[in-house]
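A.B. asks: This is the structure I want to talk about, given as structure tokens.
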Amino acid sequence: MNKRQRKKKAYKQYMRDIFEGYEKMLEDPKLPELTFPYLKEQTILSRDDEGKIHFTTKEL
């Protein structure tokens, strides 16, 4: 498998993990935060004081 295909597959898995994490947070309101790393960025799903879920992406 070439480098481009590996990166594409890794990105698809990253996106899949984020949406599965979002579903977990919807099902379990006690879950405060989830973190997903990918290459040089990190996506954080977190809850605010009202229980709403927010997506934050940071470069590492």
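The values are calculated or read from the model by the stated rules, or taken from the named source; none is laboratory data. These numbers were taken from a predicted model, which means no experiment stands behind them. In this analysis, Cβ positions are derived from the backbone assuming ideal geometry, glycine residues included, and neighbour counts consider all displayed protein chains. For accessibility, only protein heavy atoms count, side chains too; no ligands or nucleic acids. Shrake-Rupley method; radii C 1.70, N 1.55, O 1.52, S 1.80 Å.
A.B. asks: Applying the selection to the stretch 1-45, what residues are aromatic (F, W, Y) and within 8 Å of the chain's Cα centre (by Cα)?
C.D. replies: Keep residues of the stretch 1-45 that are aromatic (F, W, Y), which gives 11, 14, 19, 22, 36, 38.
Residues satisfying the conditions are Y14, F19, Y22, F36.
A.B. asks: Let me ask something additional. Within the set of pairs 6 or more residues apart or between chains, which connect a residue that is at negative phi inside the stretch 22-42 to a residue that is of a type in the set (A, V, I, L, M, F, W, C) and open to solvent by 100 Å² or more (accessible area, probe 1.4 Å) with Cβ atoms less than 7 Å apart?
C.D. replies: K40/L60; E41/L60; Q42/L60
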